[in-house]
Amino acid sequence: MTALQPIAYRGQLAAVAGPDRFYLSERLDRLPAEHPERRMVIYMCLCAHEIATSTLPGPYSDTAARRYARGCLLAPGLGELLERNALDVPRVARVLGIPDDELRLAIDEYRERVERVSRPPT
């Protein structure tokens, strides 16, 4: 029997995932398919699946799964959008179908990467 990986999101058990399937919490399962939080957790489950099947290296962590999900939900090439200082985060998050706080984290991570790459070597 394959162990199921618990998936926690926002301090609550949101799903369990294994190599062949996942099960959303009852609350998330009732949400519409396009709901940002539901989509976020489904991609976190995909991360757990990829670790369980050795497609990605493990071990699983909710933090890494959130980063993975943000990467899936934010299309490549959004750098110009993430660089904008006057970005209307709630509006953009709604259009992209990602939770507001996850978009804010993606912006912070993007800016940290740009700053790290832009630093002159010491």
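Laboratory data are not the source of any read-out in this text; all were calculated from the coordinates shown. What you are looking at is a predicted structure, and each value in this text was computed from that prediction instead of being measured. For neighbour counting, all protein chains shown are included, and Cβ atoms are generated from backbone atoms with ideal geometry for every residue, glycine included.
Output the 0 to 90 degree angle, nearest 10, between the alpha-carbon long axis of helix 62-73 and the longest principal axis computed from the alpha carbons of the chain.
70 degrees
Can you compute the helix-only [θ] at 222 nm over the chain? Use -39500 (n - 2.57) per DSSP H run of at least 4 residues, normalise by all residues, nearest 500 deg cm²/dmol.
Taken over the chain, the calculation gives -16500 deg cm²/dmol.
What does the highest-first list of 92-98, 110-116, 66-72, 9-15 look like by mean Cβ count within 10 Å?
Going from most to least packed, we get 66-72, 92-98, 9-15, 110-116.
Taking the Cα atoms only, what angle lies between the long axis of helix 100-118 and the longest principal axis of the chain, rounded to 10 degrees?
Around 50 degrees separate the two axes.
Assuming a viscosity of 1.002 mPa s and a temperature of 20 °C, what translational diffusion coefficient in µm² per second does Stokes-Einstein assign to the chain, Rh being the Kirkwood radius over Cα pairs?
138 µm²/s
Compute log10 of I(q)/I(0) for the stretch 65-122 with the Debye formula, placing one identical point scatterer on every Cα and leaving out solvent, at q = 0.12, 0.14, 0.27, 0.29 Å⁻¹, to two decimals.
The calculated log intensity ratios at q = 0.12, 0.14, 0.27, 0.29 Å⁻¹ are -0.29, -0.38, -1.21, -1.35.
Of Glu26, Glu80, Glu34, which is the most mobile in a GNM of the chain whose springs link Cα atoms less than 10 angstrom apart?
Of Glu26, Glu80, Glu34, the most mobile in the Gaussian network model is Glu80.
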